Amino acid sequence: MPELDELESRLDALTEADFQQGLEVFRGKLKKAEASYLNSCVHCGLCASSCHYHRMDSTLENIPAHKLELISSVFKRNFTTMGRIAPGLVGAKPFDREMAKAWIDAVFGRCSLCGRCSINCTIGIALPKIFRAARAALGAMGLVPPDLQATVDNSLLHGNNMAVTKQDWVETVQWIEEELQLETGDPGAKLPLDKQGAKFLFTVNPREPKFFPLSLQASAKVFWAAKEDWTLASDGGWDLTNYGLFNCNDEQAGTITKHLVDAMARLGCKTLVIGECGHGYGAARWEGPEWLRKSYPFEVKSILELMDEYVRDGRIQLDPSKNTAPVTLHDPCNLVRHGGICEAQRRVLRKATTNFTEMTPNRVENFCCGGGGGQLAMARYKQRRIQSGGMKAEQIKASGAKVVVAPCHNCIDQLMELNKEYQLNVQIKTVAEMVAEALIPNP
Amino acid sequence: MSPVVCNGQSVELSEEGFLVDPSLWNEELAVLLAKAEEGLDQLTDDHWSVIRFIRGHFVANNNAPMVRSICKTTGVPLKRIYELFPSGPAKGACKLAGLPKPDGCV
Amino acid sequence: MEPLHLGVLLAGAWAILTLVFLHLNAKAYGKRTLYSKPAGDSVQGVVYAFTKGMAPWAKESVRMNLPSYAAGMVFHAGVFTAFGLLFAAIFGLELPPSLVFLARILTVGGVLGGFSLFGKRIFKPQLRGLSCPDDFVANLLSSLFVLLALTWTFSPALAGVWMSEAILLLVYAPLGKIRHCFFFFTTRYHLGAFFGRRGTFPPRA
């Protein structure tokens with residue numbers, strides 16, 4: 001495969017300066033929390049079962065502590081006294097070609113940064129923080145898998161991660177507006193573009209206009225029913241994704257975040273609303289201000305929170321009998337465990353469906369679908385992605401659900417593949433699609 | 001991923017089941033991919049009009065068309081696209097049309 | 001003061017001072033200034049991390065590995081008890097028989113826990129693969145320390161061996177993974193603060 005060669009040849013071409021550069025970037029990502037984490041692991045191994053990779057393929061390489069050890073062994077060798085004096089005793093190792101290769105395999109190839117191991121760590125190590133530092137170091141050495149980097153480059157070059165042109169985007173929005181008008185029978189149903197001073201700037205995943213616009217139509221229908229004052233940006237600032245969260249290049253991530261910040265300033269909106277997307281929410285809500293090193297002059301909300309408010313305040317009326325098939329809910333890691341949005345989607349679903357069952361485990365203990373952390377973009381790890389997703393497939397089967405609701409487009413794509421691979425025979429939908437289905441038109 | 005054999009020639013597929021070399025595409029290959037990747041025994045006229053449009057767009061523009069263009073040009077309604085290609089326009093239709101895997105959350 | 005007693009105290013001082021040094025070292029990495037608006041309370045997150053978040057039922061990793069968890073718990077209880085006994089031995093405190101009895105139970109548990117975890121580390125291939133020499137040294141020094149503490153309660157004549165071993169343990173403690181006796185607390189604090197701020201800790205519903 002040509003791509004594999006690209007990474008391999010890059011590995012072969014690494015110079016001493018590259019390793020130094022990687023170490024420097026790695027060191028720069030560590031603050032006292034990370035320094036504490038790197039001093040704490042006792043190799044108890046109890047994290048093994050918390051990882052979906054290890055659950056579905058119980059090799060040593062899939063134990064979170066082993067992935068961590070690869071990184072801390074380099075940390076010890078380069079940044080600690082004991083690692084320099086007695087490397088053999090404390091397991092300190094040099095950062096060389098073999099180690100760089102092992103890092104790539106561990107942090108890109110066997111981790112979706114879902115953080116389930118953090119919650120389950122005996123000590124309390126937030127492992128993904130260290131894995132992110134390692135990804136950043138690899139990035140500085142030119143060792144990000146090319147297809148993941150290509151997705152970031154798309155955003156940097158085209159303002160969205162699928163290189164959708166402005167014309168294509170605008171035409172699609174207009175098309176969906178026509179479809180929405182047909183669906184609601186209301187010629188006043190709109191998908192406003194560039195509405196100055198709108199309360200909400202709504203953002204979407206480029207996958208929606210490109211290939212799956214029904215979820216955009218569903219979101220728009222909810223806004224229509226709630227008589228919301230909202231808008232989309234016609235150019236720059238409509239894409240909520242940020243794969244800088246996954247290549248862990250903070251500078252590139254910050255540049256992509258700036259698309260949203262600039263659109264907010266340009267359109268004078270009060271709140272940035274993130275569509276149903278886990279990593280997009282994490283990137284815009286939590287990491288964006290850190291990348292840009294300043295607080296936003298506006299609020300960030302997930303559309304899930306808005307729908308929750310609409311239901312609570314009676315701004316939309318739902319008829320749950322429109323959704324009677326057994327429904328279960330997937331908890332995207334970046335939205336729930338790392339994002340703190342846990343109950344809004346549940347409250348909404350309970351009002352929009354008659355037969356809602358939780359997966360086990362759920363909420364903070366949820367399993368990653370297997371597609372997170374940029375896995376979906378890295379073709380070389382497809383087998384592992386599908387295999388590790390087996391955990392989610394088992395959960396879905398056990399729930400007996402016929403509809404799996406996932407408030408994340410990335411998860412949805414992975415779930416669609418799991419559906420096929422594991423013959424789950426389920427439908428996969430966004431929360432907005434469920435709500436749109438159950439909407440009782442306003443009088 | 002194991003290669004498909006088409007007219008006695010072995011054609012390499014990526015991990016994701018996309019053609020490693022998109023230029024090797026032909027209609028026989030689409031039929032084989034449909035069976036192997038999408039579990040489709042038969043490609044209907046609707047399938048073909050979608051596949052041929054996507055292929056033509058790719059050859060002219062070197063990217064995948066918007067689903068809007070697919071619907072508008074072929075006249076196949078949106079919901080029907082998802083029925084025709086269970087894996088969706090990207091991992092279903094674009095794959096059968098011999099495109100490389102699109103970037104992004106697909 | 002007896003030379004061995006002094007030795008233990010000096011080794012203890014070394015351990016504490018080295019841990020302080022390591023802590024200052026870690027602290028020197030600096031604090032991360034955060035610009036995103038908190039959704040929850042980091043203090044509440046820290047409180048949760050050190051209370052309910054440590055309950056055995058709060059973590060799936062514990063629920064699924066109860067024997068290992070139990071072994072770890074009694075091992076740690078044994079180590080703490082042995083340090084209590086060491087303190088009593090050095091300062092010549094007379095322990096009531098009931099307390100000695102309790103200490104024996106706890107140290108027996110500690111020995112069983114410690115050595116069973118040592119065995120697990122040797123015989124389970126994945127855990128062995130995860131280990132470096134430090135893991136074995138740290139366990140052995142600690143388990144032996146508990147074992148010798150137990151034997152001392154029966155035969156005070158063994159004090160010399162026990163205290164010599166204690167010196168080794170204390171000298172080694174901050175050099176390898178036993179430093180988690182300190183870093184456990186800072187790590188858990190950071191975990192709690194992170195998830196607290198994000199509104200994930202304490203979990204609702």
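Rule-based calculations on the coordinates, nothing more; no lab input. Model, not experiment: these values are computed from the prediction. Neighbour counts run over all protein chains shown; Cβ positions are idealised from the backbone, glycine included.
Worth pointing out:
- Sequence-separation-based contact order of chain A, relative, with Cα cut under 8 Å and 6+ spacing, percent: 16 percent
- Taking a point 7 Å out from the Cα of C:Leu112 in the direction of its Cβ, the residues of the range C:67-82 whose backbone N falls within less than 11 Å of it are C:71, C:74-75.
- Degrees separating the helix A:127-140 axis from the principal Cα axis of chain A, which is the longest one: 80 degrees
- Lys, Arg +1 and Asp, Glu -1 on Cβ, resulting dipole of the range C:1-139 about Cα centre, debye, nearest 20: 640 debye
- Cα-centre dipole for the protein assembly as shown with unit charges at Cβ (Lys and Arg positive, Asp and Glu negative), debye to 20: 2300 debye
- In order along the range C:95-105, the phi-based Karplus estimate (6.51 cos²θ - 1.76 cosθ + 1.60, θ = phi - 60°) of 3J(HN,Hα) comes to 8, x, x, 5, 5, 4, 4, 4, 4, 5, 4 Hz; Gly and Pro are listed as x.
- Averaged over peptide A:123-132, the number of partner chain Cβ atoms lying within 10 Å of each residue's Cβ comes to 4.
- Surface/4 estimate of mean projected area, convex hull on alpha-carbon atoms of chain C, nm²: 14.3 nm²
- For chain A, calculated [θ]222 nm from helices alone, where every DSSP H run of n ≥ 4 adds -39500 (n - 2.57): -14500 deg cm²/dmol
- Counting neighbouring Cβ atoms within 10 Å and putting the fewest first, the residues C:Thr151, C:Thr200, A:Thr241 line up as C:Thr151, C:Thr200, A:Thr241.
- Residues C:Met54, C:Met1, A:Met416, ranked from the fewest to the most other C-beta atoms within 10 Å, line up as C:Met1, C:Met54, A:Met416.
- For the range A:237-322, the Kirkwood hydrodynamic radius from C-alpha pairs, put into Stokes-Einstein at 37 °C and a viscosity of 0.692 mPa s, yields a diffusion coefficient of 237 µm² per second.
- Intensity falloff of chain A expressed as log10 I(q)/I(0), Debye formula with alpha-carbon point scatterers, at q = 0.06, 0.07, 0.08, 0.11 Å⁻¹: -0.26, -0.35, -0.46, -0.85
- Charge tally in the Cβ shell below 14 Å around A:Ala344, where Lys, Arg are +1 and Asp, Glu are -1, A:Ala344 excluded: +2
- Nearest-ten-degree value, helix C:159-172 long axis tilted from longest Cα axis of chain C: 30 degrees
- Under the convention that each Lys and Arg Cβ holds +1 and each Asp and Glu Cβ holds -1, the size of the dipole of the range A:147-229 around its Cα centre is about 220 debye.
- Label point distance in nm, A:Arg350-C:Arg204, each placed 7 Å from Cα along Cα→Cβ: 1.1 nm
- Under the Debye formula (equal points on every Cα, no solvent term), log10 I(q)/I(0) of the protein assembly as shown at q = 0.09, 0.11 Å⁻¹: -0.84, -1.18
- Per residue, the convex hull spanned by the alpha carbons of the range C:54-173 comes to 116 Å³.
- Of the GluC sites (Glu not before Pro) found in the range A:306-398, the ones in coil according to DSSP and having at most 16 other Cβ atoms within 10 Å of their Cβ are A:Glu343, A:Glu358.
- Of all aspartates and glutamates in the structure, the ones whose alpha carbon falls short of 17 Å from that of C:Lys52, not counting any fewer than 8 places away in one chain, are A:Glu365, C:Asp41, C:Glu60.
- Only DSSP H runs of four or more residues enter the estimate; each adds -39500 (n - 2.57), and after division by the residues of chain C the mean residue ellipticity at 222 nm equals -24500 deg cm²/dmol.
- Taking amide H positions as modeled 1.01 Å from N, with prolines and chain starts lacking one, the residues under 5 Å from A:Gln427 and 5 or more places away or on another chain are A:Val403, A:Val404.
- Legend: distances between Cα atoms for A:Lys32/A:Lys392; A:Lys166/C:Lys37; C:Lys120/C:Lys177; A:Lys166/B:Lys101; A:Lys31/A:Lys270; A:Lys382/C:Lys124; pairs beyond 27 Å are A:Lys32/A:Lys392; A:Lys166/C:Lys37; A:Lys31/A:Lys270; A:Lys382/C:Lys124.
- Counting charges near C:Pro56 (Lys, Arg +1; Asp, Glu -1) among other residues having Cβ under 15 Å from its Cβ returns a value of +1.
- The packing ranking of peptides A:153-161, C:38-46, highest mean first, is A:153-161, C:38-46, where packing means the average number of other beta carbon atoms within 10 angstrom of each residue.
- Distant-in-sequence amide H partners of A:Ser302 (H built 1.01 Å from N, under 5 Å): A:Ile274
- The slack in the chain from A:Ala325 to A:His158, taken as 0.36 nm per residue of separation less the alpha-carbon distance, amounts to 56.1 nm.
- Longest site-free stretch - chain A; sites: trypsin sites (Lys or Arg not before Pro), DSSP loop, at most 12 other Cβ within 10 Å: A:1-226
- Set of lysines with alpha-carbon distance to A:Lys29 below 17 Å, sequence-local pairs under 8 removed: A:Lys76, A:Lys129, C:Lys27, C:Lys31
- Rounded to the nearest Hz, the phi-derived 3J(HN,Hα) couplings of the range A:44-60 under the Karplus curve 6.51 cos²θ - 1.76 cosθ + 1.60 (θ = phi - 60°) are 6, x, 6, 6, 3, 6, 7, 8, 5, 5, 6, 4, 9, 7, 7, 9, 4, where x marks glycine and proline.
- Tilt relative to chain A, helix A:250-267 - C-alpha long axis, 0 to 90 degrees, to 10: 20 degrees
- Karplus 3J(HN,Hα) series, Hz, for the range A:312-321 with 6.51 cos²θ - 1.76 cosθ + 1.60 (x for Gly, Pro): 4, 8, x, 6, 10, 10, 10, 10, x, 5
- Calculated translational diffusion coefficient of chain B (20 °C, 1.002 mPa s; Stokes-Einstein with Kirkwood radius over alpha-carbon pairs) equals 157 µm²/s.
- Partner chain coverage, peptide A:280-289 - average Cβ within 10 angstrom: 2
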